[in-house]
Amino acid sequence: MFRREAGGLLGFFIKRDVPAEDAADLVSDTFLAAWRSSRTSTVPPDLIRAWLFGIARKTLSRYRRGRSRRSALGDRLRATLAADSAIQQPAGSGDHDLHDHVRALIACLPEIDREIVRLVYWDGFTQEEVATILGKPATAIRARLSRARKLLRDQLAESGDVE
């Protein structure tokens, strides 16, 4: 299981802006939590991957909470400096390509919808697997994904990036 899923888990963390050295530690933490879990032997084989990514998501949440507690002052300082820099150097109108524009639109979605879009389109999970990872009903995942896609499609059409 480790050999088969470690690369996907590493990509999961890196795609969510975790530094590579921390991502490797989080992969280890995920497998440790899976090994310690009392559910390990009861998970159906076809859902092992989704179950592992559910553990990875919780591991990522703990990592982010701990990281934010340790660096709250640094984050405020960076935000202040970035705002000052943006005021001094306004962005040009043609600086962003479509990829950056889509990422920015995804970032504007509610957190749960962002994660659903990422799991389906970045990580390649089915909607049923996403439901397992997030611990939500599959019907709710389908509805949220449908609304998120429509919103993104409408925003892209409005900006003239797609028709």
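Values in this text are rule-based calculations from the coordinates and carry no lab data. Worth saying up front: this structure is predicted, and the values here are computed from it rather than measured.
One table, with the values for the structure above:
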item: Contour minus Cα-Cα distance for R149 and K15 (0.36 nm per residue); result: 46.3 nm
item: Shape call, region 109-163: gyration tensor on alpha carbons, a/c limit 1.5; result: prolate
item: Candidate lysines - alpha carbon under 18 Å from K15, same-chain residues fewer than 8 apart omitted; result: K58
item: Extension gain (nm, one decimal) between L98 and W122, 0.36 nm per residue minus Cα-Cα; result: 7.0 nm
item: Gained length - I112 relative to S61, 0.36 nm times residue gap less alpha-carbon distance; result: 17.1 nm
